[in-house]
Amino acid sequence: MPSTHPLEVLNALVGSDAWPILRLGLQVGFFLVVVLLLKRMLDLRPLTRLPQPSRPDRVYRGLVVFLAVLFAALLLHQASWQLTGVLRPEFVNFMQLHDRRQFNPAHRLQRGRILDHRGTVLAESQEALGRAYRHYPYGRAFAHVVGYQDPKFGTTGVEDAASVHLNGGAPASLRGWGELGRQILIQDPRPRGQDLVLTLDAELQQAAFELMGERRGAVVLLHPQTGALRVLLSTPAFDPNRIGPELFRGADPSTPLLNRATQGLYPPGSTFKVVLAAQALDAGFSGTLHCPAEGFTTSSRYKKIRDHEYYTAREGGGTWKGFGDLDLGTAFAKSSNVFFAQLGVRYPHDAFYRNAERFYFNRRLTLYESPYGRWSVPTGSLTALEDSDQYGLAQMSIGQGGVLATPLHLALIAAAVANQGVAMQPRLVEADPPTSLARFMPAATAARLTEMMRRVVTEGTGRTINAKQLAIAGKTGTAENAQGEAHSWFIGFAPADKPTLAMAVLVEGGGWGSRAAAPIARELALRAQARGMLQ
Amino acid sequence: MSPPHAPHALNLRDAWDRRWPERQLLALCTLAITLGFLMTLGESPTGEQAPSAGELLPALLYALSLAAIHLTLVACRFRGDQMLVGAAAFLFGFGLLAQHRLGATDAGGGLGGYAFPLGIAVLLITLVGFMRGRYQRLAAVPWLWAGLSLGLLAVLLILGQRFRGGVYAPGLITPTELLKLTLVVFLAGYIHRHQQALGTWTGPVPLPPLGPLWPLAAFWLVLGGLLLLQRDIGMFLILSLTLVVLLAAGTGRIGYLVYGVVAAGGLGYLVLYLFAHGQRRLQAWQDPFADPTGASWQILQGLSGMYSGGLWGQGFGQGNPEYTPIAESDFIYAVIGEELGFLGCTLVVILFLILFARGLSIAWRSRSSFGFLLGVGLTSVIATQTFLNLGGVTAFIPLTGLTLPLISHGGSSLLTAFAMLGLILAISEDHPAAAQPGPTPPAAPRPRKGPARSAPPKGSAPRPTRRRPRPAGAGPTGGPPPAAR
C-alpha cells in the first residue's frame, strides 16, 4: 500500500470539484467555532472572575454599556452599506462603474421594470457578460419621462426619482421588507428590485412620438379628474439604449436632452387667453370692446398690437376692415389680440398677477415623491412689471412678453377647466392616490370657459380640427418668439361635455396653432377614444 | 511597597490546573484559526498554485505561539486574567490569518513575517517583567516617560520621511506607535502622583486646579505641536482622549470630561482649518460621492467590497481585497467584511468588546491607583484606536488613517499592542485577593474533561463539572474550594 503524504491528499482535495463545498463547510465551521468560543467565554466567566472590585461597579458597567452601544451603532451604520446598500443609489452606481469584483451583486442587480398603466414594459434590466444593463423597448419615445440609468452617465427621469424603489431598497409593505430580508439572508447574486407602474399609456405616447416626427416640441396628455399623466413627450429625443459621451458634449443645437414638456419655458401666446378670460369673467366683464383693424397700443411710442388677420390681408396686398365690436366669447373664438390686450389693461396690475398666480404660475409641481427621491418641475413664470408699464401688461395679456409657460403647465390649466376649475396634482405613478393641487377658478367660470373653448373648435380658430365623432374643446396659440418662426400651440380637452382627457401640444416654430399643433391634438384625442380611454 | 505575594505557595501542578479555562479558550482559538487557514488554501494571493507546506506554516506558528504563551504563564505561576488572553489570542490570530491571506506575511515591509513571533516575545517579556506588581516601578519617574516620548518625536521629525501624508522613520517603521505606551505610563504616573491636587476643584464656576495642571498642559502643547507637524492627527486624538479619560478616572471629576469635550471641539475646528489633509477627509466622509474617484476612492472601494461580502461573506480567500488600496493595514476591516461578511465583522467586534470590558475590569480591580490608571489608559488607547479605525472604514466617522489594533499589518503597531497587552495582564495579577495567601478564589480547579482524560489527582475534593461550573460551597467570589492537598 503506497503511503500518501498528507499534503498530497490536501492538494488533491483543493484541486477537486468538491472543494467549493468543503470550503463552505470550513467557513461554517469557522463561524461555529467562534460562536462556541464566545459561549465558552460566557460559561467560564464565573471561573475566571476577578475578585470584587474596590471601585464603584456602577461606573464600570456604565462604561462597558457605553462602549457596547457605540460599537453597536457602528455596526448598524456598517449594515446600512453592507446589507442595505441598495438604499443608496449613488453607491450602487459607484459599484457598477468602479468595482472590478466580478461577484459583486450590484453588477447583476435586476432593477425593477418600469411599466405603463396597462403593464407594457417601458424599461427592464437585462444581463450580458455578467453585467446587468437597462433596456428600453420604446427607445426615444420615452427617453425623457422614463429617463435612463447608466452607471457612468447617471440617472434621469423616473429612473432617477424612483431609483431606490427600482433597486429594491424602498419596500412599501411588510412583504416587501420580507423579500429584501430574504435576498440579504441568502445573499442573492441577482438581487431583484421592485417594478414601478406608471400612469402613462405606451401606445398613445408612441403615437404622439410618431405624429411629432422630426418636429421639435412637446405633447402632454392627462386625465383631468385624477391628474394621471397619459403622455409626457418631448422631441427631439435621444436613444436611452445608447447613452454615450457625444450626447453630453452639447454640440447638438436641437438639445435632445432637454425635457421640453416639463423644463421648456415658452411664450404661451393665445393659449394664455384662457387665463385672462377667467380673470375677466370673475371680474364680471360683459359687453363689448371695439377692435379696430390698425390695432391697439398703450402709448404712441410702442408698436401697435394687431390681429393676425391684419398681417394676412397685408401680405395678400389687400386691406382688412377689422373686427369692430367684439364680445368676450367671439373674441376668444377668433383669438383677437386687440381685444385681449385692451381687456388686460382694463384691470390693475395686481389683479392680473393675483389671477395668474391662482393658475399656479411661479411655482413648482411634484411629479414623483418618496422618502428616497423626488422629481419636481417648474411651472410657468411671470416677470414682475412696474405698475406704470401698461404696454408690458397688454403684451402679457396676449401671452407674450413677460409670461412663459411649460407644456405641462398649460396642459394642467386645460385640465383644470375640464375639471370644474380644480387642478389635480399631476402624477406619474399609478399607485399614488389622486390629490387635488389647487382650485384655479370657480366652477361657474370653468363652465363658461368650456363653452368658449368648444366654440373655438366649432367656429373659431380651431375649426379645422372639428371632428364628427368627438367634441373637442380647446384654444389655439401662435406664440411669436425672437428665435424665428412662431411656436404652434394647442391646449384643450375632450369630450367637451364630460372631459376625460386634457392635452397640450407644442410644435416649436410650427407657425399657426391651428396648422401644426391642433391636428396632432385631434389625432391623439381620436386615438384615445378608439382605445376606450375617453369613457 | 512590594505587595506580599506568595508565589511559591503554588506548585506547578496547581498552576497548570488553575489555568484550564485559558487552555480551553486557546484550544478553541487554534481550531478556529486553523479552519481559517484551511479556507485560504489554493487561494494564494500570488496566483494559482497548489498548496504547499509553507501555506500552513503560519497556522503551526500560531498554535506554537499559543502554547508558548500558555506554558510560560503556567511556569511563572501567573495568577492573572485568563479571559483576556483568550480574547486577545483570537484577535491576533485573526490578524495573522488576514495578513497571510493578503500575502503580507511572506513579503517585506517593516518587520514582515518576523513581527508576529517578535510580538509574542514582547508580550511575554513585558508580562514576566512587570508581573507580581513590578509594574508599579514604572510610576517612579513619570517625567522620564514624557521625555522619552518627546525625544522619539523629535528624532522622527529630523530623520523621518514623508509617506501618504504622514511622517515615517526609514523602513516605514512608525516609532510614534510607542507613544501609546510611554505616554499612558507617564499620564498614569503623573495623575497618580497628583491625584489629590487634581481632584480639588474650587471657585463658584467649577474650574480645575491650575497648579498641578499647568505642567501637563505645557507638555501637551509641545506634544500636540510635534504630532501635528507630522500630520499625525489620529494619534493626537487617541492620546488626548486618553488624557481626559485618565484625569476623570483618577479624580472622579466628570468636569474634566466636559472641559475635554469643549477643548476637543475647538481644537478639532482649528486642525481642520489648518490642514487641507484633514479637510479633504472630512469632505470625503460627509459626501463620499462628491469625488468618488478621488478623495473617496479608497473608502468606497472598501465599502464596495463589504457590500459584495453581504451577510455571510464570500469566504476567506475568495474576495478581491487587491481592489481596496492599503487593504492590509488601515482597511483590513473592509477585507474581513468582504470575505467573512457582516457576521464575521460582528464576531470580531464582539471579541474586541470583550477585550475592552476585560481590560477595564482588570483596571477596576487593581489594588493601586496607579494600576487602575494604567489599565484604564491602555484600554482606552486600544478602544479608541479600534473605534477610529472601524468607524473610518465604514464611513461612520471621518477617516483618521489608524491601524486596527492586533489585526492590521504593521510591525510597530503590532509590537506596541502586544506590549500593552502584556502590561494589562501584569496588572490583572494585582488584585486584593492575590495578596491573600493560600488558594485563590478564581482558581476553581480543572474539572474532569471526560473519561479519556487522565484522572484527577488522588485525594482531591469534589470537582466542579463542566456543566455546573459553580458547585455548592465553591462560589467563585466566596470561599475557595476546599482543595485538600
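Summary of computed values
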| item | result |
| --- | --- |
| Top-ranked residue of the range A:481-514 - restricted to ones that are in contact (Cβ under 8 Å) with a residue 12 or more places away in the chain and exposed (fewer than 15 other Cβ atoms within 10 Å of the Cβ), ranked as farthest from A:Tyr311 (Cα to Cα) | A:Asp497 |
| Members of the range B:329-347 found to be surrounded by fewer than 24 Cβ atoms within 10 Å (Cβ to Cβ) and either in contact with a strand residue (DSSP E or B) (Cβ under 9 Å, 6 or more places away or on another chain) or in contact (Cβ under 8 Å) with a residue 40 or more places away in the chain (or both), listed by number | B:Ser329 |
| Failed condition for A:Val33, given (1) surrounded by fewer than 18 Cβ atoms within 10 Å (Cβ to Cβ); (2) not assigned by TED's automatic domain parsing to the domain that holds A:Val164 | (1) |
| Residue list for the range A:74-128, filter: out of contact with any strand residue (DSSP E or B) (no Cβ under 8 Å at 6 or more places or on another chain), within 26 Å of B:Gly344 (Cα to Cα) and polar (S, T, N, Q) | A:Gln78, A:Ser80, A:Gln82, A:Thr84, A:Gln102, A:Asn104 |
| Of all residues making up the range A:128-165, the number that are without any contact (Cβ under 8 Å) to a residue 12 or more places away in the chain and assigned to a strand (DSSP E or B) | 2 |
| Conditions (1) in a loop (DSSP other than H, G, I, E, B); (2) closer than 22 Å to B:Ile332 by Cβ; (3) not aliphatic (A, V, I, L, M); number of the one not met by B:Ser366 | (2) |
| Check on A:Thr478, among the hydroxyl-bearing types (Ser, Thr, Tyr) and surrounded by fewer than 21 Cβ atoms within 10 Å (Cβ to Cβ) | no |
| Test: A:Ser163 is hydroxyl-bearing (Ser, Thr, Tyr), surrounded by 18 or more Cβ atoms within 10 Å (Cβ to Cβ) and within 14 Å of chain B (Cβ to nearest Cβ) | yes |
| Residue within the range B:414-433 that is farther than 27 Å from B:Gly250 by Cα, crowded, with 24+ Cβ neighbours inside 10 Å and at pLDDT below 90 present | yes |
| Residue count, the range A:494-521 (criterion: part of a helix (DSSP H, G or I) and under 16 Å from A:Gly460 (Cβ atoms)) | 4 |
| Residue in the range B:207-219 that is in contact (Cβ under 8 Å) with a residue 12 or more places away in the chain and touching a strand residue (DSSP E or B) at 6+ places or on another chain (Cβ under 9 Å) present | yes |
| Residue within the range B:338-355 that is more than 9 Å from chain A (Cβ to nearest Cβ), hydrophobic (A, V, I, L, M, F, W, C) and over 18 Å from B:Ala383 (Cα atoms) present | no |
| Scope the range B:282-300; condition within 11 Å of chain A (Cβ to nearest Cβ) and closer than 13 Å to B:Gly392 by Cα; matching residues | B:Pro288, B:Ser296, B:Ile299, B:Leu300 |
| Of all residues in the range A:73-88 being touching a Leu at 6+ places or on another chain (Cβ under 9 Å) and more than 7 Å from every other protein chain (Cβ to nearest Cβ), the one that is farthest from A:Ala170 (Cα to Cα) | A:Ser80 |
| Per-region count, the range A:231-263, residues outside any loop (DSSP other than H, G, I, E, B) and either modelled with pLDDT under 85 or crowded, with 19+ Cβ neighbours inside 10 Å (or both) | 12 |
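For every residue, the table says whether it meets (1) within 24 Å of B:Leu340 (Cβ to Cβ); (2) more than 9 Å from chain B (Cβ to nearest Cβ); (3) at pLDDT 75 or above.
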site	(1), (2), (3)
A:Leu10	yes, no, no
A:Trp19	yes, no, yes
A:Gln52	no, no, no
A:Pro56	no, no, yes
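The values are calculated or read from the model by the stated rules, or taken from the named source; none is laboratory data. Everything quoted here is computed from the prediction, not taken from an experiment. Cβ atoms come from the backbone with ideal geometry, glycine included; neighbour counts cover every protein chain shown.
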